[in-house]
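Notes for the one structure printed next.
The values are calculated or read from the model by the stated rules, or taken from the named source; none is laboratory data. All values reported here derive from a predicted model rather than from experimental measurement. Heads up, the Cβs are rebuilt from the backbone with ideal geometry, glycines too, and the neighbour counts pull from every protein chain shown. To get the accessible areas, we keep the full protein, side chains included, count just its heavy atoms, and leave off ligands, DNA and RNA. Shrake-Rupley method; radii C 1.70, N 1.55, O 1.52, S 1.80 Å.
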There are 2 protein chains.
Amino acid sequence: MARIVSSKNTTKKEVIIKKAAILFRKKGFAASSMRELAESIGVEASSLYNHIGSKIELLQSICFKVANDFTIHLNEIENTTSPVVSKLENIIRFHINMMLNNYDEVFVANHEWKQLEEPFLSNFLNQRKIYESRLIELVNQGILKKEFKNIHPQVAVLTILSAVRGLEFWHRHKKNVKIKELESNILDHLLNGLIRK
Amino acid sequence: MARIVSSKNTTKKEVIIKKAAILFRKKGFAASSMRELAESIGVEASSLYNHIGSKIELLQSICFKVANDFTIHLNEIENTTSPVVSKLENIIRFHINMMLNNYDEVFVANHEWKQLEEPFLSNFLNQRKIYESRLIELVNQGILKKEFKNIHPQVAVLTILSAVRGLEFWHRHKKNVKIKELESNILDHLLNGLIRK
DNA sequence: GAATTAAACTAATAAGCGTTAGTTTTGTAA
DNA sequence: TTACAAAACTAACGCTTATTAGTTTAATTC
(Lines give C-alpha, C1' and ligand atoms only; values in the text may rest on other atoms or scores of the structure.)
Protein backbone atom coordinates (compact mmCIF):
# COMPACT_ATOMS: atom_id res chain seq x y z
CA MET A 1 0.00 0.00 0.00
CA ALA A 2 2.28 2.71 -1.26
CA ARG A 3 1.34 6.23 -0.29
CA ILE A 4 1.59 9.25 -2.54
CA VAL A 5 4.88 10.95 -1.73
CA SER A 6 4.62 14.66 -1.07
CA SER A 7 7.12 16.95 0.57
CA LYS A 8 6.31 19.77 2.94
CA ASN A 9 5.50 22.43 0.38
CA THR A 10 3.39 20.36 -1.98
CA THR A 11 0.07 18.77 -1.21
CA LYS A 12 -0.81 15.36 -2.59
CA LYS A 13 -3.30 17.05 -4.86
CA GLU A 14 -0.49 19.09 -6.37
CA VAL A 15 1.55 15.96 -6.92
CA ILE A 16 -1.33 14.40 -8.80
CA ILE A 17 -1.87 17.51 -10.92
CA LYS A 18 1.80 17.65 -11.86
CA LYS A 19 1.81 13.99 -12.87
CA ALA A 20 -1.40 14.56 -14.79
CA ALA A 21 0.21 17.41 -16.70
CA ILE A 22 3.08 15.16 -17.70
CA LEU A 23 0.77 12.37 -18.79
CA PHE A 24 -1.69 14.63 -20.63
CA ARG A 25 1.21 16.30 -22.43
CA LYS A 26 2.62 12.97 -23.57
CA LYS A 27 -0.57 11.23 -24.60
CA GLY A 28 -3.29 13.86 -24.75
CA PHE A 29 -6.12 14.24 -22.24
CA ALA A 30 -8.66 11.96 -23.88
CA ALA A 31 -6.13 9.23 -24.50
CA SER A 32 -4.92 9.29 -20.90
CA SER A 33 -6.70 7.06 -18.39
CA MET A 34 -6.98 7.46 -14.67
CA ARG A 35 -5.41 4.03 -14.34
CA GLU A 36 -2.34 5.20 -16.20
CA LEU A 37 -2.14 8.30 -14.09
CA ALA A 38 -2.47 6.26 -10.91
CA GLU A 39 0.22 3.87 -12.10
CA SER A 40 2.62 6.72 -12.77
CA ILE A 41 2.10 7.76 -9.14
CA GLY A 42 2.16 4.28 -7.71
CA VAL A 43 -1.38 3.80 -6.41
CA GLU A 44 -4.70 2.43 -7.60
CA ALA A 45 -6.94 4.63 -9.73
CA SER A 46 -9.68 4.81 -7.16
CA SER A 47 -7.25 6.10 -4.55
CA LEU A 48 -6.84 9.30 -6.53
CA TYR A 49 -10.40 10.24 -5.68
CA ASN A 50 -9.43 10.75 -2.07
CA HIS A 51 -7.58 13.84 -3.25
CA ILE A 52 -9.22 15.07 -6.42
CA GLY A 53 -12.74 15.47 -7.70
CA SER A 54 -12.57 14.13 -11.20
CA LYS A 55 -10.42 13.71 -14.29
CA ILE A 56 -11.79 16.81 -15.94
CA GLU A 57 -11.04 18.82 -12.80
CA LEU A 58 -7.36 18.03 -13.29
CA LEU A 59 -7.47 19.54 -16.76
CA GLN A 60 -9.26 22.59 -15.42
CA SER A 61 -6.61 23.13 -12.75
CA ILE A 62 -3.80 22.90 -15.29
CA CYS A 63 -5.38 25.17 -17.89
CA PHE A 64 -6.45 27.95 -15.56
CA LYS A 65 -3.22 27.94 -13.59
CA VAL A 66 -1.35 28.68 -16.81
CA ALA A 67 -3.86 31.23 -18.03
CA ASN A 68 -3.74 33.05 -14.71
CA ASP A 69 0.06 33.14 -14.67
CA PHE A 70 0.06 34.91 -18.03
CA THR A 71 -2.67 37.31 -17.04
CA ILE A 72 -0.96 38.25 -13.78
CA HIS A 73 2.31 38.93 -15.55
CA LEU A 74 0.61 41.11 -18.12
CA ASN A 75 -1.03 43.08 -15.32
CA GLU A 76 2.39 43.81 -13.86
CA ILE A 77 3.85 44.84 -17.20
CA GLU A 78 1.02 47.20 -17.98
CA ASN A 79 1.63 49.00 -14.69
CA THR A 80 5.12 50.09 -15.72
CA THR A 81 6.19 53.08 -17.77
CA SER A 82 8.80 51.41 -19.97
CA PRO A 83 8.89 51.95 -23.73
CA VAL A 84 6.49 49.68 -25.59
CA VAL A 85 9.32 47.71 -27.14
CA SER A 86 10.68 46.89 -23.67
CA LYS A 87 7.27 45.79 -22.50
CA LEU A 88 6.87 43.55 -25.50
CA GLU A 89 10.34 42.13 -25.04
CA ASN A 90 9.55 41.41 -21.40
CA ILE A 91 6.37 39.62 -22.39
CA ILE A 92 8.12 37.54 -25.01
CA ARG A 93 10.80 36.56 -22.52
CA PHE A 94 8.11 35.57 -20.05
CA HIS A 95 6.45 33.37 -22.63
CA ILE A 96 9.74 31.74 -23.47
CA ASN A 97 10.54 31.05 -19.83
CA MET A 98 7.06 29.79 -19.05
CA MET A 99 7.46 27.38 -21.91
CA LEU A 100 10.84 26.20 -20.72
CA ASN A 101 10.07 26.01 -16.98
CA ASN A 102 6.47 24.85 -17.07
CA TYR A 103 6.63 22.88 -20.24
CA ASP A 104 4.04 20.21 -19.46
CA GLU A 105 1.45 22.59 -18.07
CA VAL A 106 1.79 25.17 -20.84
CA PHE A 107 1.68 22.45 -23.46
CA VAL A 108 -1.49 20.99 -21.99
CA ALA A 109 -3.11 24.41 -21.73
CA ASN A 110 -2.23 25.09 -25.36
CA HIS A 111 -3.35 21.76 -26.75
CA GLU A 112 -5.99 20.25 -24.52
CA TRP A 113 -8.21 23.19 -23.60
CA LYS A 114 -10.67 21.88 -26.20
CA GLN A 115 -11.54 19.04 -23.88
CA LEU A 116 -12.77 21.44 -21.20
CA GLU A 117 -16.48 21.40 -20.52
CA GLU A 118 -18.78 24.36 -20.15
CA PRO A 119 -18.68 26.81 -18.54
CA PHE A 120 -14.92 26.35 -18.22
CA LEU A 121 -14.41 26.16 -21.96
CA SER A 122 -16.02 29.54 -22.51
CA ASN A 123 -14.20 31.07 -19.57
CA PHE A 124 -10.88 29.86 -20.83
CA LEU A 125 -11.44 31.10 -24.38
CA ASN A 126 -12.66 34.40 -23.09
CA GLN A 127 -9.63 34.87 -20.88
CA ARG A 128 -7.34 34.07 -23.80
CA LYS A 129 -9.19 36.46 -26.06
CA ILE A 130 -8.86 39.28 -23.58
CA TYR A 131 -5.16 38.55 -23.17
CA GLU A 132 -4.63 38.74 -26.91
CA SER A 133 -6.61 41.94 -27.16
CA ARG A 134 -4.40 43.57 -24.59
CA LEU A 135 -1.30 42.52 -26.52
CA ILE A 136 -2.77 43.89 -29.71
CA GLU A 137 -3.45 47.16 -27.97
CA LEU A 138 0.13 47.22 -26.76
CA VAL A 139 1.50 46.75 -30.26
CA ASN A 140 -0.87 49.40 -31.43
CA GLN A 141 0.60 51.85 -28.93
CA GLY A 142 4.04 50.97 -30.29
CA ILE A 143 2.90 51.86 -33.77
CA LEU A 144 1.43 55.16 -32.65
CA LYS A 145 4.62 56.01 -30.80
CA LYS A 146 6.62 55.19 -33.98
CA GLU A 147 8.49 52.45 -32.17
CA PHE A 148 7.13 49.85 -34.56
CA LYS A 149 6.63 49.74 -38.28
CA ASN A 150 3.14 50.28 -39.58
CA ILE A 151 2.15 46.63 -39.56
CA HIS A 152 -1.15 44.97 -38.79
CA PRO A 153 -1.04 44.62 -34.99
CA GLN A 154 -3.33 41.62 -34.87
CA VAL A 155 -1.14 39.71 -37.30
CA ALA A 156 1.99 40.71 -35.43
CA VAL A 157 0.65 39.47 -32.11
CA LEU A 158 -0.43 36.14 -33.46
CA THR A 159 2.86 35.70 -35.28
CA ILE A 160 4.75 36.38 -32.08
CA LEU A 161 2.56 34.13 -29.95
CA SER A 162 2.81 31.34 -32.48
CA ALA A 163 6.56 31.64 -32.85
CA VAL A 164 7.04 31.53 -29.11
CA ARG A 165 4.73 28.58 -28.87
CA GLY A 166 7.08 26.81 -31.22
CA LEU A 167 9.46 26.48 -28.30
CA GLU A 168 7.54 23.30 -27.64
CA PHE A 169 9.72 21.73 -30.26
CA TRP A 170 12.91 22.66 -28.49
CA HIS A 171 12.45 19.98 -25.92
CA ARG A 172 13.43 17.66 -28.74
CA HIS A 173 16.56 19.61 -29.66
CA LYS A 174 17.46 20.87 -26.22
CA LYS A 175 21.01 19.60 -26.30
CA ASN A 176 21.98 21.38 -29.50
CA VAL A 177 21.25 24.98 -28.51
CA LYS A 178 21.78 26.93 -25.33
CA ILE A 179 18.69 28.39 -23.78
CA LYS A 180 19.88 31.99 -23.57
CA GLU A 181 21.14 31.84 -27.12
CA LEU A 182 17.79 30.48 -28.20
CA GLU A 183 15.95 33.24 -26.39
CA SER A 184 17.93 36.04 -27.97
CA ASN A 185 17.74 34.48 -31.40
CA ILE A 186 13.97 34.31 -31.34
CA LEU A 187 13.69 37.80 -29.91
CA ASP A 188 15.96 39.15 -32.61
CA HIS A 189 14.03 37.35 -35.31
CA LEU A 190 10.71 38.62 -34.10
CA LEU A 191 11.65 42.16 -33.08
CA ASN A 192 14.02 43.26 -35.78
CA GLY A 193 11.37 42.72 -38.34
CA LEU A 194 9.10 44.84 -36.23
CA ILE A 195 11.16 47.69 -34.85
CA ARG A 196 11.57 50.78 -36.92
CA LYS A 197 15.12 51.20 -38.14
CA MET B 1 -31.10 3.70 -45.41
CA ALA B 2 -29.22 6.78 -46.50
CA ARG B 3 -26.22 6.18 -48.69
CA ILE B 4 -22.96 8.07 -48.43
CA VAL B 5 -23.09 10.78 -51.07
CA SER B 6 -20.08 10.96 -53.35
CA SER B 7 -19.70 12.73 -56.66
CA LYS B 8 -17.78 11.45 -59.64
CA ASN B 9 -14.31 12.52 -58.58
CA THR B 10 -14.42 11.48 -54.95
CA THR B 11 -14.73 7.96 -53.65
CA LYS B 12 -16.79 7.22 -50.57
CA LYS B 13 -13.60 6.51 -48.73
CA GLU B 14 -12.45 10.05 -49.48
CA VAL B 15 -15.72 11.45 -48.20
CA ILE B 16 -15.25 9.57 -44.94
CA ILE B 17 -11.66 10.74 -44.59
CA LYS B 18 -12.69 14.34 -45.16
CA LYS B 19 -15.44 14.12 -42.55
CA ALA B 20 -13.00 12.42 -40.20
CA ALA B 21 -10.55 15.28 -40.62
CA ILE B 22 -13.26 17.77 -39.69
CA LEU B 23 -14.32 15.77 -36.65
CA PHE B 24 -10.79 15.02 -35.47
CA ARG B 25 -9.90 18.68 -35.83
CA LYS B 26 -12.87 19.78 -33.77
CA LYS B 27 -12.73 17.20 -30.98
CA GLY B 28 -9.37 15.48 -31.25
CA PHE B 29 -8.78 11.94 -32.47
CA ALA B 30 -9.12 10.13 -29.16
CA ALA B 31 -12.25 12.02 -28.18
CA SER B 32 -13.95 11.31 -31.52
CA SER B 33 -16.00 8.14 -31.81
CA MET B 34 -16.83 6.18 -34.91
CA ARG B 35 -20.47 6.61 -34.04
CA GLU B 36 -20.07 10.38 -34.12
CA LEU B 37 -18.24 10.19 -37.41
CA ALA B 38 -20.97 8.00 -38.86
CA GLU B 39 -23.64 10.37 -37.66
CA SER B 40 -21.92 13.33 -39.31
CA ILE B 41 -22.12 11.37 -42.56
CA GLY B 42 -25.61 10.05 -42.03
CA VAL B 43 -25.08 6.31 -41.68
CA GLU B 44 -24.52 3.75 -38.94
CA ALA B 45 -21.03 3.27 -37.55
CA SER B 46 -20.68 -0.26 -38.81
CA SER B 47 -21.44 0.87 -42.37
CA LEU B 48 -18.19 2.79 -42.44
CA TYR B 49 -16.28 -0.47 -42.37
CA ASN B 50 -17.49 -1.29 -45.87
CA HIS B 51 -15.17 1.48 -47.03
CA ILE B 52 -12.36 1.83 -44.50
CA GLY B 53 -10.22 -0.51 -42.48
CA SER B 54 -10.18 1.08 -39.07
CA LYS B 55 -10.32 4.31 -37.13
CA ILE B 56 -6.56 4.57 -36.85
CA GLU B 57 -6.25 4.09 -40.60
CA LEU B 58 -8.21 7.32 -41.07
CA LEU B 59 -5.67 9.20 -39.00
CA GLN B 60 -2.84 7.63 -40.97
CA SER B 61 -4.38 8.70 -44.26
CA ILE B 62 -4.79 12.27 -43.08
CA CYS B 63 -1.34 12.64 -41.57
CA PHE B 64 0.61 11.15 -44.44
CA LYS B 65 -1.37 12.93 -47.11
CA VAL B 66 -0.36 16.24 -45.54
CA ALA B 67 3.24 15.19 -44.98
CA ASN B 68 3.56 14.04 -48.58
CA ASP B 69 2.12 17.26 -49.95
CA PHE B 70 4.79 19.26 -48.15
CA THR B 71 7.56 16.91 -49.18
CA ILE B 72 6.54 16.96 -52.83
CA HIS B 73 6.43 20.74 -52.88
CA LEU B 74 9.86 20.97 -51.31
CA ASN B 75 11.20 18.60 -53.95
CA GLU B 76 9.96 20.94 -56.65
CA ILE B 77 11.43 24.00 -54.99
CA GLU B 78 14.82 22.44 -54.57
CA ASN B 79 14.95 21.70 -58.28
CA THR B 80 14.84 25.37 -59.22
CA THR B 81 17.67 27.86 -59.43
CA SER B 82 16.02 30.83 -57.74
CA PRO B 83 17.74 32.85 -55.02
CA VAL B 84 17.41 31.28 -51.60
CA VAL B 85 15.17 34.06 -50.37
CA SER B 86 12.72 33.36 -53.21
CA LYS B 87 12.73 29.68 -52.41
CA LEU B 88 12.02 30.37 -48.78
CA GLU B 89 9.30 32.82 -49.67
CA ASN B 90 7.73 30.23 -51.93
CA ILE B 91 7.81 27.64 -49.17
CA ILE B 92 6.27 30.02 -46.65
CA ARG B 93 3.51 30.89 -49.08
CA PHE B 94 2.86 27.20 -49.65
CA HIS B 95 2.56 26.61 -45.91
CA ILE B 96 0.16 29.50 -45.60
CA ASN B 97 -2.01 28.26 -48.42
CA MET B 98 -1.98 24.67 -47.22
CA MET B 99 -3.18 25.95 -43.88
CA LEU B 100 -5.94 28.01 -45.42
CA ASN B 101 -7.10 25.49 -48.05
CA ASN B 102 -6.63 22.24 -46.16
CA TYR B 103 -7.26 23.55 -42.70
CA ASP B 104 -8.74 20.45 -41.12
CA GLU B 105 -6.18 18.03 -42.50
CA VAL B 106 -3.16 20.18 -41.68
CA PHE B 107 -4.51 20.83 -38.21
CA VAL B 108 -5.00 17.12 -37.56
CA ALA B 109 -1.55 16.28 -38.90
CA ASN B 110 -0.05 18.94 -36.65
CA HIS B 111 -1.94 18.01 -33.50
CA GLU B 112 -2.95 14.36 -33.64
CA TRP B 113 0.10 12.60 -35.07
CA LYS B 114 0.89 11.52 -31.50
CA GLN B 115 -1.98 9.09 -31.65
CA LEU B 116 -0.42 7.22 -34.58
CA GLU B 117 0.80 3.72 -33.82
CA GLU B 118 4.10 2.18 -34.78
CA PRO B 119 5.56 1.96 -37.30
CA PHE B 120 3.57 4.90 -38.63
CA LEU B 121 4.50 7.12 -35.72
CA SER B 122 8.21 6.70 -36.38
CA ASN B 123 7.74 7.10 -40.12
CA PHE B 124 5.85 10.32 -39.64
CA LEU B 125 8.36 11.81 -37.22
CA ASN B 126 11.20 10.79 -39.47
CA GLN B 127 9.61 12.39 -42.49
CA ARG B 128 9.06 15.59 -40.56
CA LYS B 129 12.61 15.60 -39.28
CA ILE B 130 13.99 15.22 -42.78
CA TYR B 131 11.74 18.01 -44.01
CA GLU B 132 13.00 20.34 -41.31
CA SER B 133 16.61 19.40 -41.99
CA ARG B 134 16.18 20.35 -45.62
CA LEU B 135 14.74 23.72 -44.63
CA ILE B 136 17.61 24.30 -42.23
CA GLU B 137 20.06 23.51 -45.01
CA LEU B 138 18.25 25.96 -47.25
CA VAL B 139 18.54 28.76 -44.69
CA ASN B 140 22.16 27.82 -44.23
CA GLN B 141 22.75 28.34 -47.93
CA GLY B 142 21.14 31.74 -47.64
CA ILE B 143 23.56 32.65 -44.89
CA LEU B 144 26.55 31.49 -46.89
CA LYS B 145 25.37 33.46 -49.89
CA LYS B 146 25.00 36.54 -47.66
CA GLU B 147 21.30 36.73 -48.40
CA PHE B 148 20.47 36.24 -44.74
CA LYS B 149 21.85 37.59 -41.51
CA ASN B 150 24.16 35.37 -39.56
CA ILE B 151 21.44 33.81 -37.41
CA HIS B 152 21.07 30.31 -36.07
CA PRO B 153 19.40 28.48 -38.98
CA GLN B 154 17.71 25.89 -36.80
CA VAL B 155 16.07 28.57 -34.68
CA ALA B 156 15.02 30.52 -37.75
CA VAL B 157 13.34 27.52 -39.33
CA LEU B 158 11.39 26.61 -36.24
CA THR B 159 10.37 30.20 -35.72
CA ILE B 160 9.08 30.37 -39.26
CA LEU B 161 7.30 27.03 -39.11
CA SER B 162 5.71 27.94 -35.80
CA ALA B 163 4.62 31.36 -36.93
CA VAL B 164 3.03 29.93 -40.04
CA ARG B 165 1.35 27.27 -37.98
CA GLY B 166 -0.29 30.05 -36.05
CA LEU B 167 -2.52 30.58 -39.04
CA GLU B 168 -4.69 28.00 -37.37
CA PHE B 169 -5.99 30.82 -35.27
CA TRP B 170 -7.07 32.85 -38.25
CA HIS B 171 -10.06 30.68 -38.84
CA ARG B 172 -11.44 32.45 -35.80
CA HIS B 173 -10.72 35.94 -37.12
CA LYS B 174 -11.19 35.24 -40.80
CA LYS B 175 -13.64 38.06 -41.37
CA ASN B 176 -11.41 40.79 -40.01
CA VAL B 177 -8.40 40.41 -42.30
CA LYS B 178 -8.04 39.69 -45.98
CA ILE B 179 -6.09 36.58 -46.85
CA LYS B 180 -3.59 38.21 -49.18
CA GLU B 181 -2.98 40.98 -46.72
CA LEU B 182 -2.44 38.40 -44.01
CA GLU B 183 -0.01 36.49 -46.18
CA SER B 184 2.16 39.47 -46.98
CA ASN B 185 2.09 40.70 -43.38
CA ILE B 186 3.42 37.43 -42.05
CA LEU B 187 5.99 37.19 -44.80
CA ASP B 188 7.18 40.70 -44.08
CA HIS B 189 7.36 40.03 -40.38
CA LEU B 190 9.35 36.85 -40.82
CA LEU B 191 11.61 37.85 -43.70
CA ASN B 192 12.55 41.40 -42.92
CA GLY B 193 14.08 40.27 -39.70
CA LEU B 194 16.03 37.73 -41.66
CA ILE B 195 17.13 39.38 -44.89
CA ARG B 196 20.34 41.32 -44.91
CA LYS B 197 19.74 45.01 -45.44
C1' DG C 1 -1.91 1.71 23.92
C1' DA C 2 -6.55 3.30 22.29
C1' DA C 3 -9.19 6.22 19.35
C1' DT C 4 -9.49 8.77 15.33
C1' DT C 5 -8.58 10.24 10.83
C1' DA C 6 -6.37 9.94 6.34
C1' DA C 7 -5.69 7.36 2.55
C1' DA C 8 -5.07 3.27 0.62
C1' DC C 9 -7.41 -1.01 -1.08
C1' DT C 10 -10.99 -4.37 -3.70
C1' DA C 11 -14.97 -4.89 -6.23
C1' DA C 12 -18.48 -3.41 -8.93
C1' DT C 13 -21.20 -0.19 -11.71
C1' DA C 14 -23.12 1.64 -16.03
C1' DA C 15 -21.75 3.65 -20.11
C1' DG C 16 -19.18 3.94 -24.19
C1' DC C 17 -15.68 2.17 -27.23
C1' DG C 18 -14.04 -0.07 -31.90
C1' DT C 19 -15.12 -3.70 -34.43
C1' DT C 20 -17.37 -8.05 -36.37
C1' DA C 21 -20.97 -11.22 -38.05
C1' DG C 22 -24.88 -11.94 -40.29
C1' DT C 23 -28.76 -10.04 -42.74
C1' DT C 24 -31.36 -6.93 -45.59
C1' DT C 25 -31.82 -3.39 -48.77
C1' DT C 26 -30.44 -0.82 -52.77
C1' DG C 27 -28.47 0.06 -57.24
C1' DT C 28 -26.64 -1.85 -61.59
C1' DA C 29 -26.20 -4.80 -65.52
C1' DA C 30 -27.73 -8.75 -68.26
C1' DT D 1 -37.36 -9.47 -64.50
C1' DT D 2 -33.53 -11.75 -62.75
C1' DA D 3 -28.86 -12.01 -60.88
C1' DC D 4 -25.20 -9.97 -58.72
C1' DA D 5 -22.63 -6.83 -56.12
C1' DA D 6 -22.32 -2.82 -53.24
C1' DA D 7 -23.46 -0.91 -49.16
C1' DA D 8 -26.54 -0.25 -45.83
C1' DC D 9 -28.70 -2.25 -41.56
C1' DT D 10 -29.27 -4.62 -36.56
C1' DA D 11 -27.29 -6.88 -32.90
C1' DA D 12 -23.80 -8.18 -30.36
C1' DC D 13 -18.99 -8.98 -28.90
C1' DG D 14 -15.27 -8.16 -25.57
C1' DC D 15 -12.90 -4.44 -23.63
C1' DT D 16 -11.94 -0.12 -21.40
C1' DT D 17 -13.60 3.88 -19.29
C1' DA D 18 -14.45 7.12 -15.08
C1' DT D 19 -16.38 6.77 -10.97
C1' DT D 20 -18.60 4.99 -6.52
C1' DA D 21 -19.33 2.15 -2.35
C1' DG D 22 -17.64 -0.28 1.14
C1' DT D 23 -13.65 -2.04 3.58
C1' DT D 24 -9.00 -2.30 5.36
C1' DT D 25 -4.66 -0.48 6.50
C1' DA D 26 -1.52 3.04 7.98
C1' DA D 27 -0.46 7.22 10.32
C1' DT D 28 -1.62 10.60 13.80
C1' DT D 29 -3.49 12.27 18.09
C1' DC D 30 -4.91 11.80 22.72
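Which of the three applies to segment B:59-191, rounded, prolate or oblate, going by the alpha-carbon gyration tensor with a ≥ b ≥ c and a/c under 1.5 meaning rounded?
oblate
So the label point sits 7 Å from Cα along the Cα-to-Cβ vector; using that for B:Asn192, what distances do you get to the other copies, in nanometres, sorted shortest first?
Copy-to-copy label distances for B:Asn192: 1.5 nm.
Mind listing the Cα extents of segment A:121-162 along all three principal axes, in Å, largest one first?
37, 17, 11
Could you compute how much accessible area chains A and B hide from each other, both sides summed, with a 1.4 Å probe? Nearest 100 Å² is fine.
Approximately 3300 Å² gets buried when A meets B.
To the nearest 20 debye, what is the magnitude of the charge dipole of segment A:52-92 about its Cα centre, counting +1 on the Cβ of each Lys and Arg and -1 on the Cβ of each Asp and Glu?
140 debye
Pairs of Cα atoms under 8 Å, at least six residues apart: use those to get the relative contact order of chain B, whole percent.
21 percent
Rounding to the nearest 20 debye, state how big the charge dipole of the protein assembly as shown is about its Cα centre with +1 on each Lys and Arg Cβ and -1 on each Asp and Glu Cβ.
It comes to approximately 460 debye.
Picking from A:His51, B:Phe148, A:Val164, whose Cα lies most toward the positive end of the charge dipole for the protein assembly as shown (charges on Cβ: Lys, Arg +1; Asp, Glu -1)?
Checking the options against the dipole of the protein assembly as shown, the answer is B:Phe148.
Name the residue farthest towards the positive end of the dipole of the protein assembly as shown from the options A:Leu138, B:Ile96, B:Pro83, assuming +1 on Cβ of Lys and Arg, -1 on Cβ of Asp and Glu, about the Cα centre.
Ranked along the dipole, the leading option is B:Pro83.
Relative to the longest principal Cα axis of chain B, at what angle does helix B:55-78 sit, 0 to 90 degrees, rounded to 10?
30 degrees
Is the C-alpha gyration tensor of segment A:1-115 telling us rounded, prolate or oblate? Criteria: a/c under 1.5 is rounded; beyond that, a/b larger than b/c is prolate, otherwise oblate.
Judged from the Cα gyration tensor, segment A:1-115 comes out prolate (a/c at least 1.5, a/b above b/c).
Restricting to Cα pairs below 8 Å that are 6+ residues apart, what does the relative contact order work out to for segment A:77-167? Please round to a whole percent.
RCO, segment A:77-167: 35 percent.
Note down the magnitude of the dipole of chain B about its Cα centre, charges +1 on Lys and Arg C-beta and -1 on Asp and Glu C-beta and zero elsewhere, to the nearest 20 debye.
With only Lys, Arg, Asp and Glu charged at Cβ, the dipole is about 460 debye.
Provide the per residue accessible area, probe 1.4 Å, for chain A, rounded to a whole number of square angstrom.
Spelled out: the 1.4 Å probe surface of chain A, per residue, equals 50 Å².
For B:Ser133, go 7 angstrom from Cα along the Cα-to-Cβ vector, then report the distances to that same point in the other copies in nm, smallest first.
Once sorted, the set of distances for B:Ser133 reads 4.7 nm.
Between B:Lys26 and B:Lys149, what FRET efficiency comes out of the Förster formula 1/(1 + (r/R0)^6) with R0 = 41 Å and r the beta carbon distance, rounded to 0.05?
Numbers: r = 41 Å, r/R0 = 0.99.
Between B:Lys149 and B:Lys26 the formula returns 0.50.
If I compute solvent accessible area with a 1.4 Å probe over the protein chains, what percent of it on the protein assembly as shown is carbon and sulfur?
52 percent
Among A:Ala20, B:Ile186, A:Ser40, pick out the residue whose Cα is farthest towards the positive end of the charge dipole of the protein assembly as shown, where Lys and Arg carry +1 and Asp and Glu carry -1 on C-beta, about the Cα centre.
Of the candidates, B:Ile186 comes out farthest on the positive side.
Per residue Cα convex hull volume for the protein assembly as shown, in cubic angstrom?
Hull volume normalised by residue count: 178 Å³.
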